Amino acid sequence: MKRSNLFVIVLALLMSSCAGHKKDRWTITSPDGKITMTFRLQEGRPLYSVSYEGRSVILPSAMGVDFSDSSAFSGQFSVVSVDSSETNTSWTPVYGNRSEITDHYRTMTVQLKDRLGEGALGLEFRVYDQGAAFRYIFLSNDSSSQQGILAEKTEFVFPADDSCFAAVCPHFNSNYESTYDPALLDGLSPDKMYYMPFLVHQQGQWVMLTEAALDDYSGIILKKGARPHTMKAILSPYPDKECRVCPPLPDHSPWRVFLIAPRAGDLIGQTVVLNLNEPRQIRDVSWIRPGKATWPWWNGRITEKGLRSGEPSTEVMKYYTDFAARHGIPYLVVDAGWYSLEMDAWNQPEKEDVLTMEETRRDFYDIRKVLDYANSKGVGVFLWVHYSSLIHRIDTVLATYARWGAAGIKLDNYGGEDQLLVNTLHRIIRTAAKYHLLVDYHGAYKPTGYTRTWPNFMTCEAVRGLEFSKGSSNAPEGGLTVIHTVTIPYTRMVPGPMDFTPGVFDLDGTAAFPESVPGTRARQIAMHVVYYSPIQMLPDYPRAYESAPKQFDFLMKIPVTWDETRFLQGYPGRDIVLARRKGDTWWIGLMTDNDPRILTVDLSLLEEGKKYQAVILQDGDHVRKDPQDVKITGREVKKGDVLKIQLAAGGGAAVRLTPKP
């Protein structure tokens, strides 16, 4: 970490910023002065509000927690102390949307004492140029040492019946695989729950609700509040217990985060969620290497040369290993079905031995032989394992996988984000780090920035991804749509990496293994620029890629991590133009909805005085008849030039801009 300018003020800043305010109101502003967060007591009850450029983002909203022993807490508080400070540092992530991150914020810590009981509660507020956040601090004293938390009183009161993009949470143990659908706040159902991130379009700005630094606590789901245009926080229940967060309590809650920007796309690549997490706990990160991965499961494990497609086996995995080695693909993902039948691994995970191959299958599928072969070819292997099969002997299993030569695990689960699950997941990630294993988590909850602290936690799913197009009908639980895939860059992807698994070339599969992928092949390639995941899948079979060598070469050159990210234009569910830089090369990804459109790309982001070679991959001239039709063109460009790119309905394009010698 590089510390540039640490400016600490204790009460002087507070007194100056609160001049002219009532005694029971305190404010703190962002370093650029645009975002203001206000705390006050109203008849002893804590309230907060947020504004942006003088416009209300969140009206005065309730704060607080319900403890399991309420005798020490009446809910009527008085302020004991208020401390304020400003911090300005920077740090270098192992990977990410950008190579250098500034951590500049102002903070205010409030200590409260219950007026009638013995209870005490702390509040910490932080305001950045990109957003604001607060968290509860659980002060150690006799009245709180054995307290559990039954609920939070946290509310989010919006100033109007604004439009939003909301994803329904069907139940607490679900896996964040809903669509983000447009709605009005007051039109949301009071009987449903909704996931974070939760995106709201207000007059003059967009605001996203999410949380950061979820650890030793239950994640929150949103529900419609009793008042108009109000949402409230609901803690996920701890299994078989009354408390939602059980004792001993952590020092503090996760952060309740408000990301704010003039355009929805300006939220992409934000750093607030990462900055609110603890610094990296892994000293040597040389073994943590982002990259692409071949993933045979999605396409049905299609092979050729006399090999039997479909059924996983040693020879099939060697076939995909050879494909990876030929093209410099660093990873192979061995999905469910290696230590037992795939459905047994899912349906009875507690019974499965994840260290032993079933006797009836060992003669044709030996994971040790797969690992030895892959390592001899320089290809790292992710081993699939179910969460419930792992949790009772985490250290033993992960130590064994590392000894076998695995590069990481693809950890899969049914869903959920209760305190017990969160703590167990984090123990798995920390133990994996001890054995130099990477982690890709599926059946996951929303990312909250834990990748900063433990960067071996590379990516997670928590999205309605490509697997929903597996099969001929594109209809498992609703399937995929092009509108969904151009909405999630503005919603699910904002808080952290998203393992959507894009990159299909054969959009309808084969007769034996049909697929139904919406949109065009060019769109699938564009997703590798737009969607961020440090482990990015190649889900199709080798012949699908190798039969289009120029297109595959273009796809393989797209990086998986970036030095800079810039949103250029677009609107959730309609279109997106997103630029990313790696070294001195810029990449631009474009996607549209069901309407064909011409998107204009202003190249003012290029360096002055340099000429660039633009390579443009886009929908081909015959794409209406054949969505797999792609054309690649080139031209010389410079700063200030404009590209006009035609996209088909459900189409996409990707542009590579390389400086000329």
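The values are calculated or read from the model by the stated rules, or taken from the named source; none is laboratory data. This is a predicted model, so every value here is computed, not measured. Glycine also receives a Cβ, built like all others from the backbone with ideal geometry; neighbour counts cover every protein chain displayed. Only protein heavy atoms, including side chains, enter the accessible area calculation; ligands, DNA and RNA are left aside. Shrake-Rupley method; radii C 1.70, N 1.55, O 1.52, S 1.80 Å.
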- Query: Assuming GLY96 fulfils every condition listed in (1) open to solvent by 20 Å² or more (accessible area, probe 1.4 Å); (2) within 23 Å of the chain's Cα centre (by Cα) apart from one, which condition is it?
  - Reply: (1)
- Task: Would you mention how many residues in region 429-447 are under 21 Å from GLU211 (Cα atoms), in contact with an Asp or Glu (Cβ under 8 Å, 6 or more places away or on another chain) and open to solvent by 10 Å² or more (accessible area, probe 1.4 Å)?
- Result: 1
- Task: Looking at (1) open to solvent by 40 Å² or more (accessible area, probe 1.4 Å); (2) modelled with pLDDT under 95; (3) within 25 Å of SER140 (Cα to Cα), find the lone condition where ARG40 falls short.
- Result: (2)
- Message: Among the residues that make up region 454-464, is at least one of them under 29 Å from ILE149 (Cβ atoms) and polar (S, T, N, Q)?
- Response: no
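Among the residues that make up region 28-37, is at least one of them at pLDDT below 95, open to solvent by less than 30 Å² (accessible area, probe 1.4 Å), assigned to a loop (DSSP other than H, G, I, E, B) and not basic (Lys, Arg)? Don't jump to the end; show me each part of the working.
Just the residues of region 28-37 that are at pLDDT below 95, to begin with: none.
There is no residue in region 28-37 that is at pLDDT below 95, open to solvent by less than 30 Å² (accessible area, probe 1.4 Å), assigned to a loop (DSSP other than H, G, I, E, B) and not basic (Lys, Arg).
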- Task: Only residues in region 56-76 that are farther than 30 Å from ALA160 by Cα count as the first member; pair them with residues that are of a type outside the set (D, E, K, R) and open to solvent by 60 Å² or more (accessible area, probe 1.4 Å), Cβ under 8 angstrom, at least 6 apart or cross-chain, and list the lot.
- Result: ASP69/GLN146; SER74/LEU116
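Only one of these is open to solvent by 10 Å² or more (accessible area, probe 1.4 Å) and farther than 24 Å from ASP366 by Cα: THR396, THR424. Name it.
Numbers: THR396 fails: farther than 24 Å from ASP366 by Cα.
Answer to the check: THR424.
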- Note on the structure: The helices (runs of 4 or more DSSP H) lying wholly within region 444-534 that contain at least 3 residues that are not β-branched (Val, Ile, Thr) are 521-530
- Message: Looking at TYR571 and the list (1) in contact with a helix residue (DSSP H, G or I) (Cβ under 9 Å, 6 or more places away or on another chain); (2) crowded, with 16+ Cβ neighbours inside 10 Å; (3) within 20 Å of LEU267 (Cα to Cα), which single condition is not satisfied?
- Response: (2)
- Query: Identify, please: which residue in region 357-382 is at pLDDT 95 or above and among the polar types (S, T, N, Q) and is, among those, nearest to THR400 (Cα to Cα)?
  - Reply: ASN375
- Message: Which of the numbered conditions does GLY310 fail, given that it passes all the others? Conditions: (1) within 20 Å of LEU437 (Cβ to Cβ); (2) assigned to a loop (DSSP other than H, G, I, E, B); (3) out of contact with any Asp or Glu (no Cβ under 8 Å at 6 or more places or on another chain); (4) among the small types (Gly, Ala, Ser).
- Response: (1)
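I'd like to know if region 527-546 contains one or more residues that are crowded, with 20+ Cβ neighbours inside 10 Å, over 18 Å from ALA649 (Cβ atoms) and of a type in the set (D, E, K, R). Before the answer, list the steps.
The first filter runs over region 527-546 and keeps only residues crowded, with 20+ Cβ neighbours inside 10 Å, leaving 527-542, 544-545.
From what is left, the residues that are over 18 Å from ALA649 (Cβ atoms) are 528-529, 531-542, 544-545.
Keeping just the survivors that are of a type in the set (D, E, K, R) gives 540.
Yes, because at least one residue in region 527-546 is crowded, with 20+ Cβ neighbours inside 10 Å, over 18 Å from ALA649 (Cβ atoms) and of a type in the set (D, E, K, R).
Mind counting the residues in region 284-298 that are within 18 Å of the chain's Cα centre (by Cα) and open to solvent by 40 Å² or more (accessible area, probe 1.4 Å)? Lay out the reasoning, then the answer.
Within region 284-298, the subset within 18 Å of the chain's Cα centre (by Cα) is 290-292.
The next check asks that each one be open to solvent by 40 Å² or more (accessible area, probe 1.4 Å); those that pass are 290.
Within region 284-298, residues that are within 18 Å of the chain's Cα centre (by Cα) and open to solvent by 40 Å² or more (accessible area, probe 1.4 Å) number 1.
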- Query: For GLY378, are the conditions met, namely being open to solvent by 10 Å² or more (accessible area, probe 1.4 Å), in contact (Cβ under 8 Å) with a residue 24 or more places away in the chain and at positive phi?
  - Reply: yes
- Collect the residues in region 77-132 that are assigned to a strand (DSSP E or B) and among the charged types (D, E, K, R), keeping them in residue-number order. ASP83, GLU86, ASP103, ARG106, LYS113, ASP114, GLU124, ARG126
